[in-house]
Amino acid sequence: MSREIFWSIDAGDLLISGRNFWRGRPDGLPVLDIMLDRDREAAFILLDPPAGGGHVRNLLLIGPTGDIRWRAELPDVIGADAFVSMAFADDGSIVSGTWSGYRVRIDPASGRLLEQTFTK
């Protein structure tokens, strides 16, 4: 019998409970947002990148034991960049904005960049 997995954020820590319990900060960074995948067996999380941190791939897919399954690709830009938002698109892909001014679409299965549009 499978136990339901519960995902939440507490003071920047990601909490995962169900079959196991895990609490932490992936990459040592606070968690800003969380979205569950279709089967609720994994979660897309947005980390709070450090200021001036360079190219930070801070949109991750996390498994039920806190394992990082992928880090989303950023647009190929020079200088600092990171993801600043995330949401599901109608087609099931993930849409996100970046510090550098791009709106991107990401494959939820692989974290690969599918499309990028400069918006600034």
Calculate the FRET efficiency for ARG40 and THR117 from the Cβ-Cβ distance with a Förster distance of 41 Å, rounded to the nearest 0.05.
0.85
What dipole magnitude, in Debye to the nearest 20, does region 6-118 give about its Cα centre under +1 on Lys/Arg Cβ and -1 on Asp/Glu Cβ?
180
Express in nm, to one decimal, how much length is gained between VAL84 and PHE6 on full extension, taking 0.36 nm for each residue of separation and deducting their alpha carbon distance.
25.7 nm
Using 0.36 nm per residue of separation minus the Cα-Cα distance, give me the extension gain between ASN20 and ARG105 in nm, one decimal.
27.4 nm
Order 84-93, 31-40, 104-113 from most to least packed using the mean count of other Cβ atoms within 10 Å.
104-113, 31-40, 84-93
Which label belongs to the value computed from this structure, given these candidates for P(r) over Cα pairs in 5 Å bins from 0, in percent: (i) 2, 10, 19, 20, 19, 13, 7, 5, 2, 1, 1, 0; (ii) 2, 12, 23, 23, 19, 12, 6, 2, 1, 0, 0; (iii) 2, 10, 19, 24, 18, 12, 8, 5, 2, 0?
(ii)
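Here, each number is a calculation from the coordinates, and none is a lab measurement. This is a predicted model, so every value here is computed, not measured. Neighbour counts run over all protein chains shown; Cβ positions are idealised from the backbone, glycine included.
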